[in-house]
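The values are calculated or read from the model by the stated rules, or taken from the named source; none is laboratory data. Small disclaimer: the values here were computed from a predicted structure and weren't measured. Here the Cβ positions follow ideal geometry from the backbone for every residue, glycine too, while neighbour counts run over all protein chains shown. Ligands, DNA and RNA are excluded from the accessible area calculation, which covers all protein heavy atoms including side chains. Shrake-Rupley method; radii C 1.70, N 1.55, O 1.52, S 1.80 Å.
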Amino acid sequence: MKRRRPLWDWVRQEDGYTFSLNMAFLSVTVGMILLLILAWLTAGLAAGTNLRRAAAAAALAAQSQVTQTVTGSSAGFLTQAAWSLTGPVNAAATEVFDEEVNDMHLAQVFSNLSLETSISGNQVTVTVRGDFLPLFLQTAAARVPELRSMAVPMKAVVPVDDPVVGKG
């Protein structure tokens with residue numbers, strides 16, 4: 001008694017060959033699309049991490065410009081302690097941020113980079129914004145400007161405060 005192999009017979013026919021070839025093309029195409037999405041997400045994660053590092057460096061540079069001013073009475077008692085600026089906070093933050101952008105080549109993957117510095121007491125908060133477009137899409141975006149709309153806006157907020165009391 002001979003056992004039939006209908007699947008093997010079907011694959012050996014032309015329909016089976018075409019089906020197998022189409023499935024191979026489909027799996028390669030879907031795999032490439034998934035690989036592209038994974039590359040985009042990975043590049044975005046790395047760029048966001050580097051943007052946050054640049055913002056943290058700028059915040060620490062700005063924090064170094066804030067000191068505590070203490071006024072006392074003639075009897076040796078503390079009458080008032082406040083935080084004041086000893087130098088240009090924005091200039092220090094901008095200088096360090098520009099150095100970090102150049103060192104990490106963030107200007108290549110981000111457009112519209114902006115830096116904002118705010119001060120509240122002894123806390124300096126640096127907010128950095130930029131639009132992220134992966135490197136592998138930038139060459140295509142140079143030819144097709146509509147691809148710039150696929151840029152992902154990113155924002156990093158880094159607060160730094162000086163917990164040391166009596167500094168100054």
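Using a cut-off of 14 Å between beta-carbons, work out the net charge of the residues near ASN90 (Lys and Arg +1, Asp and Glu -1, ASN90 not included). Before the final figure, lay out each step's value.
Values: positive: none; negative: GLU95, ASP98, GLU116.
Counting the neighbours of ASN90, the net charge comes to -3.
Given their separation in residues at 0.36 nm each and the Cα-Cα distance between them, HIS105 and VAL144 gain 11.7 nm when the chain is fully extended. Using a probe of 1.4 Å, the accessible surface attributed to SER20 totals some 60 Å² when neighbouring protein chains are kept in position.
Can you check what the net charge comes to around ALA55, using other residues whose Cβ is under 11 Å from the Cβ of ALA55 (Lys, Arg +1; Asp, Glu -1)? Write down the numbers at each step before the final one.
On the way: positive: ARG52, ARG53, ARG129, LYS155; negative: GLU100, GLU116.
Cβ neighbours under 11 Å give a net charge of +2.
Projecting label points 7 angstrom from Cα along Cα→Cβ for LYS155 and SER118 puts them 1.0 nm apart. Rolling a 1.4 Å probe across all protein chains gives GLU95 an accessible area of roughly 110 Å². Within the range 98-168, the trypsin sites (Lys or Arg not before Pro) that combine a DSSP coil assignment with at most 12 other C-beta atoms in a 10 angstrom radius are LYS167.
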